[in-house]
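A short worksheet on the structure shown next.
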Amino acid sequence: MQRPQVFMVRVVVSNRDGAGDPEGDTIYRDLVSKSGFKQVKGIRTGKFLKVSVEAPDAASAKTLVSKMCDELRIYNPAAHSITVEV
Amino acid sequence: MQAKVAVVRFPGSNCDLDAVSALRTFRNVEADLVWHEEPSIGEYDAIVLPGGFSFGDYLRAGAIAARSPALRRVRESAERGTPILGICNGFQILIEAGLLPGSLLRNNSLRFVCKWVTIRVENDSTSFTRGMRKGQVLRIPIAHNEGRFYTSERELRELSDAGQAVFRYSDERGRPTPSANPTGTLDGIAGVCNRAGNVVGLMPHPERATEPILSPFGSADGSLIFRSMLESI
């Protein structure tokens with residue numbers, strides 16, 4: 001059995017498309033577009049959590065964080081989507 | 001009969017004393033300020049979760065308070081049919097605890113909106129609206145940054161069909177016009193209830209509209225919500 005290591009798991013919570021993102025829209029419209037970055041076609045904001053997890057391997061670290069996010073409602077499934085990456 | 005009502009204080013609550021004061025305008029009410037860790041929360045005839053910024057609104061407004069021991073007790077009381085009212089941050093907490101459907105997102109304007117508005121009663125059979133009539137317009141203030149109700153189209157249809165959209169922003173004549181919607185909230189929703197109708201959350205502040213002298217419009221419409229609560233106990 002592998003010895004536990006500490007993995008850094010990254011969680012990003014953002015509004016679902018239908019829920020709108022007034023902050024992302026404002027950054028895009030009033031800063032980025034107006035400053036000449038015409039190749040940029042849209043911006044979405046979100047909340048970022050960096051989670052240190054002790055686990056035997058990367059996959060189980062990710063599973064644990066996903067479970068934590070669901071159980072503790074780190075995101076509200078009615079409005080948010082979430083990505084979890086190790 | 002004296003009705004015993006708990007106003008739950010979280011770290012960061014700041015409308016708690018206003019709520020106690022509003023409740024004490026009724027002679028037959030014993031209103032207590034109860035710290036969120038107190039086991040006695042479950043022993044009250046009605047529970048009010050007041051406005052403020054519980055736990056600094058960290059993570060998301062209401063998300064941390066929703067996991068506090070108080071909400072476990074509130075959930076048990078809700079299941080027994082106890083009237084539960086969430087005002088502003090209290091509404092956010094009830095949503096984050098899953099006691100009410102949907103979500104409350106940042107206002108479309110990205111501004112904290114603080115003003116007197118008018119709302120229309122859409123369901124007059126909940127524990128907090130039974131003293132009103134459907135279509136009645138209340139004058140009441142709002143003060144929040146995250147009050148834009150949102151949910152999927154399917155859930156919106158389901159909760160609307162079930163009468164769970166209790167209050168909608170409207171103009172003074174009760175018309176739900178876009179200009180009467182202060183935050184971009186979905187379908188003009190200002191407050192919702194659970195299926196049973198004993199748990200109600202709303203963004204406006206009824207406790208700030210219980211004494212005419214404190215309102216620029218002389219409004220005491222917020223009292224109707226507390227009076228309905230007392231009729232439901």
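The values are calculated or read from the model by the stated rules, or taken from the named source; none is laboratory data. Remember, it's a predicted structure, so these values are computed and weren't measured experimentally. Backbone-built Cβ (ideal geometry, glycine too); neighbour counts: all protein chains shown.
Tabulated data for the structure shown
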quantity: Any chance A:Glu71 is under 30 Å from B:Leu186 (Cβ atoms), loosely packed, with under 13 Cβ neighbours inside 10 Å and among the acidic types (Asp, Glu); calculated: yes
quantity: Filtered residue count, the range A:74-86, keeping only those that are buried (at least 17 other Cβ atoms within 10 Å of the Cβ) and within 14 Å of chain B (Cβ to nearest Cβ); calculated: 7
quantity: Test for B:Ile64: is it without any contact (Cβ under 8 Å) to a residue 12 or more places away in the chain and either under 17 Å from the mean Cα position of the chain (by Cα) or at negative phi (or both); calculated: yes
quantity: Among the candidates B:Val7, B:Val20, residue that is surrounded by 22 or more Cβ atoms within 10 Å (Cβ to Cβ) and either within 14 Å of chain A (Cβ to nearest Cβ) or not hydroxyl-bearing (Ser, Thr, Tyr) (or both); calculated: B:Val7
quantity: Qualifying residues in the range B:50-59 (those that are crowded, with 24+ Cβ neighbours inside 10 Å and assigned to a loop (DSSP other than H, G, I, E, B)) - the one farthest from the other protein chains (Cβ to nearest Cβ); calculated: B:Pro50
quantity: Scan of the range B:151-172 for residues that are more than 16 Å from the chain's Cα centre (by Cα) and buried (at least 19 other Cβ atoms within 10 Å of the Cβ), ordered by number; calculated: B:Thr151, B:Leu156, B:Leu159, B:Ser170
quantity: Top-ranked residue in the range B:88-99 [being of a type in the set (A, V, I, L, M, F, W, C) and buried (at least 24 other Cβ atoms within 10 Å of the Cβ); ranked as farthest from the chain's Cα centre (by Cα)]; calculated: B:Ala97
quantity: Top-ranked residue in the range B:106-134 [being touching a residue at least 60 places away in the same chain (Cβ under 8 Å) and among the aliphatic types (A, V, I, L, M); ranked as nearest to the other protein chains (Cβ to nearest Cβ)]; calculated: B:Val113
quantity: Failed item in (1) away from every other protein chain (no Cβ under 14 Å); (2) farther than 18 Å from B:Val199 by Cα; (3) of a type in the set (A, V, I, L, M), with B:Ile47 passing the rest; calculated: (2)
quantity: Top-ranked residue in the range B:140-155 [being charged (D, E, K, R) and in contact with a Lys or Arg (Cβ under 9 Å, 6 or more places away or on another chain); ranked as farthest from the other protein chains (Cβ to nearest Cβ)]; calculated: B:Glu146
quantity: Selection count, the range B:179-220, where residues are in a loop (DSSP other than H, G, I, E, B), surrounded by 15 or more Cβ atoms within 10 Å (Cβ to Cβ), in contact with a strand residue (DSSP E or B) (Cβ under 7 Å, 6 or more places away or on another chain) and of a type outside the set (A, V, I, L, M); calculated: 9
quantity: Which numbered condition B:Ile41 fails, given (1) assigned to a loop (DSSP other than H, G, I, E, B); (2) surrounded by 22 or more Cβ atoms within 10 Å (Cβ to Cβ); calculated: (1)
quantity: Filter pass, B:Val137 being surrounded by 22 or more Cβ atoms within 10 Å (Cβ to Cβ), of a type in the set (Val, Ile, Thr), away from every other protein chain (no Cβ under 14 Å) and touching a strand residue (DSSP E or B) at 6+ places or on another chain (Cβ under 7 Å); calculated: no
quantity: Residue ID - nearest to the other protein chains (Cβ to nearest Cβ), chosen from residues in the range A:15-73 that are in contact (Cβ under 8 Å) with a residue 24 or more places away in the chain and of a type in the set (S, T, N, Q); calculated: A:Asn15
quantity: Qualifying residue in the range A:1-22 (condition: hydroxyl-bearing (Ser, Thr, Tyr) and more than 30 Å from B:Tyr150 (Cα to Cα)); calculated: no
quantity: Odd one out for B:Thr82, checked against (1) surrounded by fewer than 19 Cβ atoms within 10 Å (Cβ to Cβ); (2) at pLDDT 95 or above; (3) more than 14 Å from chain A (Cβ to nearest Cβ); calculated: (1)
